[in-house]
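*Asks:* Can you read through this structure? Questions will come right after.
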Amino acid sequence: MGDVLAGAAAGVIRGRNDVPPRFRPPAPPRHFVGRDAELDAIRSGVTLLHGAGGAGKTALALKWLWERGSGDQLYVDLGAHDLGRVLRAFGLGADPGEEQAVFRGLVTRRQFTLLLDGADSAEQVTPLLPASGTVLVTSRSELDLPRAHAVEVGPLTDDGRLGRLLDLSYVELPERQARLYRLCAWEADAFGVPVAAAIAGEPECDVEDALDDLVEKSLLTEVGDDAFRFHDLVRAHARAKRYQ
């Protein structure tokens with residue numbers, strides 16, 4: 001452990017030279033359209049992408065990394081990846097109180113472009129930010145991060161391409177998600193898991209997983225704890241699919 005910290009203090013990170021596959025950014029969605037203004041707003045330094053669940057924050061970040069990012073890229077899902085696990089994947093070890101410093105040293109030395117996905121609070125993110133470099137942070141809240149440029153990711157507007165995107169996204173849905181997409185679109189306001197389960201006639205645990213999948217595909221917006229809503233354009237698309 002002393003060798004690792006000494007290396008970090010000296011500006012030399014001793015670890016593997018490749019990014020482990022599970023910490024590489026996944027490819028962006030194949031059917032990504034729009035968001036040109038938001039893509040242009042992302043800059044070097046720290047950029048915070050904030051918006052409701054299902055708005056497409058992660059897809060936007062991945063699209064930017066894929067098309068405009070440079071160098072090695074590191075992806076950390078803050079809801080799923082333990083920081084110690086990230087460090088161990090690079091052959092580094094640290095005591096819990098030292099993990100954040102060693103992580104910053106790793107990012108700085110390797111000059112990673114860093115994506116911190118799914119941040120809950122500024123306190124969670126700030127200790128992980130390197131002194132320099134490009135960092136993208138996604139969050140449902142507009143976090144107060146030092147030196148950060150905030151970009152709001154709002155609902156998509158229909159520029160003529162959105163209908164084609166929805167069609168492509170819909171045909172790739174498994175049948176349970178597609179059926180739920182069609183049925184729940186007739187709810188005019190926000191709805192929860194019990195309502196969706198009653199509409200579909202399925203167990204709540206199965207419906208909750210299917211709703212989460214729709215949020216991940218940006219076909220449904222999470223507006224609160226276990227509360228969901230369709231964007232007006234998406235709702236119209238889903239209702240139309242019920243009669244096809």
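The values are calculated or read from the model by the stated rules, or taken from the named source; none is laboratory data. Keep in mind it's a predicted model, so treat the numbers as computed, not measured. Reconstructed Cβ throughout: ideal geometry from the backbone, glycine too, with neighbour counts over all protein chains shown. Surface areas here come from the heavy atoms of the whole protein model, side chains and all, with no ligands, DNA or RNA. Shrake-Rupley method; radii C 1.70, N 1.55, O 1.52, S 1.80 Å.
*Asks:* When you scan the range 192-244 for helices (runs of 4 or more DSSP H) that lie fully inside it, which ones turn up with 2 or more residues that are in contact with a helix residue (DSSP H, G or I) (Cβ under 9 Å, 6 or more places away or on another chain) and farther than 28 Å from residue 138 by Cα? Talk me through it step by step, then tell me what you get.
*Replies:* Working: elements: 193-200, 204-216, 232-241.
Helices (runs of 4 or more DSSP H) meeting the threshold: 193-200, 232-241.
*Asks:* If a residue must be over 21 Å from the mean Cα position of the chain (by Cα) and either closer than 14 Å to residue 19 by Cβ or open to solvent by 60 Å² or more (accessible area, probe 1.4 Å) (or both), how many such residues does the range 105-129 contain?
*Replies:* Summing the residues that are over 21 Å from the mean Cα position of the chain (by Cα) and either closer than 14 Å to residue 19 by Cβ or open to solvent by 60 Å² or more (accessible area, probe 1.4 Å) (or both) in the range 105-129 gives 5.
*Asks:* Just the residues that are at pLDDT 90 or above and within 19 Å of residue 121 (Cα to Cα), please, taken from the range 59-83.
*Replies:* Once the filter is applied, which keeps residues that are at pLDDT 90 or above and within 19 Å of residue 121 (Cα to Cα), the range 59-83 yields 61, 75, 76, 77, 78, 83.
*Asks:* Hey, another quick one. Residue check: is residue 164 in a helix (DSSP H, G or I), farther than 19 Å from residue 29 by Cα and either touching a strand residue (DSSP E or B) at 6+ places or on another chain (Cβ under 8 Å) or touching a residue at least 12 places away in the same chain (Cβ under 8 Å) (or both)?
*Replies:* Here the answer is no, as residue 164 does not meet what is asked.
*Asks:* Continuing with this model, one more query. Can residue 220 be described as in contact with a strand residue (DSSP E or B) (Cβ under 8 Å, 6 or more places away or on another chain), within 29 Å of residue 64 (Cβ to Cβ), touching a residue at least 12 places away in the same chain (Cβ under 8 Å) and not acidic (Asp, Glu)?
*Replies:* Details: in contact with a strand residue (DSSP E or B) (Cβ under 8 Å, 6 or more places away or on another chain): yes; within 29 Å of residue 64 (Cβ to Cβ): yes; touching a residue at least 12 places away in the same chain (Cβ under 8 Å): yes; not acidic (Asp, Glu): yes.
For residue 220, the condition - in contact with a strand residue (DSSP E or B) (Cβ under 8 Å, 6 or more places away or on another chain), within 29 Å of residue 64 (Cβ to Cβ), touching a residue at least 12 places away in the same chain (Cβ under 8 Å) and not acidic (Asp, Glu) - is met.
*Asks:* Being of a type in the set (Ser, Thr, Tyr) and free of Cβ contacts under 8 Å to residues at least 40 places away in the same chain narrows it down to one residue among 139, 169, 132; which is it?
*Replies:* Result: 132 is the single residue among 139, 169, 132 that is of a type in the set (Ser, Thr, Tyr) and free of Cβ contacts under 8 Å to residues at least 40 places away in the same chain.
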